[in-house]
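Novice: Have a look at this one.
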Amino acid sequence: MPKKKTFEQAMSRLDDITALLENGELPLDESIRLYEEAFKLMAFCRKELDNAEQKIRTITESGSGALQYQDFE
Amino acid sequence: MEKKIYSVTELTRTIKNLLETHLPSLWLEGEVSNYKRHYSQHLYFTLKDANAQIAAVMWRSRAVRLPFEPEDGMHLRVLGNVRVYEQGGRYQIDILQAEPAGVGSLQIAFEQLKARLHAEGLFDDSHKKPLPLFPKRIALVTSPTGAAIRDMLNILSRRAPYVDIFILPVAVQGENAAASIADAIEMCNRHRCADVIITGRGGGSLEDLWAFNEERVARAVFKSRIPVISAVGHETDFTITDFVADLRAPTPSAAAELVVTDKEEWLARLSGQAGRLMQAMRHLLQYKNDQLNRLSESHVMQRWQDRLNQNRQRLDLTHTRLSGAMNQRLLRENNRLQLLERTLRATHPDTLIKRGYSLTLKNGRVVTTVHALKEGDTVETRLADGRFTAQVATIKKDDHHA
């Protein structure tokens, strides 16, 4: 798994892990490792969904080509 | 009396005077033939009906304001002046404005651009980019005032407080609208401001929506590396931008609904996943536990377990003292035991409690069945970080255990 994972990657990895564990053919220690990974992934996904402060901004480009951000209202 | 003899120039000037002073600007209707757009962008053609024809010209300064491209066979209604060209000895109509007779000129322009871009492949599905499953930044290329942006912001804040929204304010109607929309889409790409772009506006007349039928906007949408959702007008309005966009939403509100998955839906999906994982793990632990119980009952395992429990160090010492096949076997058994011990730890109540299971006791004894409880009983429940007591309110037996 790449260092900076995305929500999409986490969800797809979660699907894989669930399938592996439901299959039930892995050794116990491997299963426990995956189980722990899955709960870390779920915590990550929940955090991604919990962007408490939604930013709504206008963007314009200045004459020099730099972006200017301004809160919308 | 002397005969009046005109020079050619004199006659031509007289004709020119007569025609140009007696025929002011007039409306004329006829069918286009021999249509040519000169490289200088002046338009030359003939207007004709069943019995006559007249040469027509539309100079570039006026031709650029024509939203559609005339073509042979098209019926035009034109406003113009009759002009006589002395050098060529010809007269023609000098056109100020033109519109198709019957259908609106914008309608014709729409059909023409649509056919041209379609032939060029701009609408092909192979160019459609997939929308991100989980966008974190959404760009709205639209007017910062008006109902469309309000609707979109309301829906996005309600459904997806997890996204950041960037508004690229543009004019959505009027002379500069197309350039302003196209520039904003290009700017968004240049700075990679967003994971997905929504461009559009609320409903209006064909003229009001016209910017979204202009080639500049179509090309900017086509070139965008960021997926673009078009959201123009009402459900029944179709624009060129709709055809080029990666996804057409029937309205701005619909675009806001389509672009994100509701946070509640994600959360439900996550808890579903958690449930499946816990269920799978419970099955697995149960299975391993049964295995362990069977093994523990066997005499050999019992002996090894006793010895391991008594003194692991001494056992390790014994292992090293043993040699050959026996040693190998011991090591194998030892490994297996370690694994089983880990299983036991994993299923130990404390471990389970840390994972969110709880333990309920009545008078110091673990409650494993509802038959041990009466309504009104005081029970104690242990969690990972403490305990609480509670009074049994209602008891309900699971049917399949009955």
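Novice: How far apart, in nm, are two points set 7 Å out from the Cα along the Cα-to-Cβ line at residue B:154 and at residue B:276?
Specialist: 3.6
Novice: I've got another one for you. Which loop trypsin sites (Lys or Arg not before Pro) in region B:146-203, with loop taken from DSSP, have no more than 11 other Cβ atoms within 10 angstrom of their Cβ?
Specialist: In loop regions of region B:146-203 (DSSP not H, G, I, E or B), the sparsely surrounded trypsin sites (Lys or Arg not before Pro) are B:192.
Novice: Which of the GluC sites (Glu not before Pro) found in region B:1-94 are loop residues per DSSP with 10 or fewer other Cβ atoms within 10 Å of their Cβ?
Specialist: B:2
Novice: Could you pull out every residue, at least 5 positions away or on a different chain, whose amide H is within less than 5 Å of the one on residue B:142? Hs are placed 1.01 Å off N in the peptide plane, and Pro or chain starts have none.
Specialist: B:168, B:170
Novice: Each residue of region B:220-233 in order: what ³J(HN,Hα) in whole Hz does its phi give by Karplus 6.51 cos²θ - 1.76 cosθ + 1.60, θ = phi - 60°, with x for Gly and Pro?
Specialist: Listing the rounded values in order: 5, 5, 4, 6, 4, 7, 7, x, 10, 9, 9, 8, 10, x Hz.
Novice: Give me the one-decimal Kirkwood hydrodynamic radius in Å for region B:1-150, with the sum taken over alpha-carbon pairs.
Specialist: That comes to 19.5 Å for region B:1-150.
Novice: Further question: Who wins for biggest fluctuation among A:33, A:57, A:13 in a Gaussian network model of chain A, springs between alpha carbons below 10 Å?
Specialist: A:57
Novice: For region B:15-86, which trypsin sites (Lys or Arg not before Pro) are in a loop by DSSP, counting at most 16 other Cβ atoms within 10 Å?
Specialist: Hits after loop and neighbour filter: B:65.
Novice: With 22 Å as the limit, write out which pairs from A:5/B:128; B:114/B:136; A:40/B:136; B:263/B:354 have Cα-Cα distances beyond it, or answer none.
Specialist: Listed pairs above 22 Å: A:5/B:128; B:114/B:136; B:263/B:354.
Novice: Could you give the size of the charge dipole of region B:90-225 about its Cα centre, using +1 on the Cβ of each K and R and -1 on the Cβ of each D and E, expressed in debye and rounded to the nearest 20?
Specialist: Computed charge dipole of region B:90-225: roughly 700 debye.
Novice: Roughly how crowded by other chains is peptide B:131-138, in terms of the mean Cβ count from those chains within 10 Å of each of its Cβ atoms?
Specialist: If you average over the peptide's residues, the count of other-chain Cβ atoms is 3.
Novice: What is the mean number of Cβ atoms from other protein chains located within 10 Å of the Cβ atom of each residue in peptide A:24-32, rounded to a whole number?
Specialist: Average per residue, whole number: 4.
Novice: What is the mean number of Cβ atoms from other protein chains located within 10 Å of the Cβ atom of each residue in peptide B:185-196, rounded to a whole number?
Specialist: 2
Novice: May I pose another question? For labels at residue B:215 and residue B:264 in the simple 7 Å Cα→Cβ model, what's the distance in nm?
Specialist: 4.9
Novice: Same structure again: Does region B:352-401 classify as rounded, prolate or oblate by the C-alpha gyration tensor (a ≥ b ≥ c root eigenvalues; a/c under 1.5 gives rounded; else a/b over b/c gives prolate, otherwise oblate)?
Specialist: It comes out oblate by the Cα gyration axes.
Novice: Net charge around residue B:247, counting only other residues with Cβ within less than 11 Å of its Cβ (Lys, Arg = +1; Asp, Glu = -1)?
Specialist: Here the charged neighbours net out to +1.
Novice: Another one. Output wanted: per-residue J couplings in Hz (rounded whole) for region B:237-251, from phi through Karplus 6.51 cos²θ - 1.76 cosθ + 1.60, θ = phi - 60°, x for Gly and Pro.
Specialist: 8, 10, 10, 4, 4, 4, 6, 7, 4, 5, 8, 9, 9, x, 8
None of the figures in this text is laboratory data; all of them are computed from the coordinates on show. These numbers were taken from a predicted model, which means no experiment stands behind them. Counting neighbours? That spans all protein chains shown, and the Cβs are built from the backbone with ideal geometry, glycine included.
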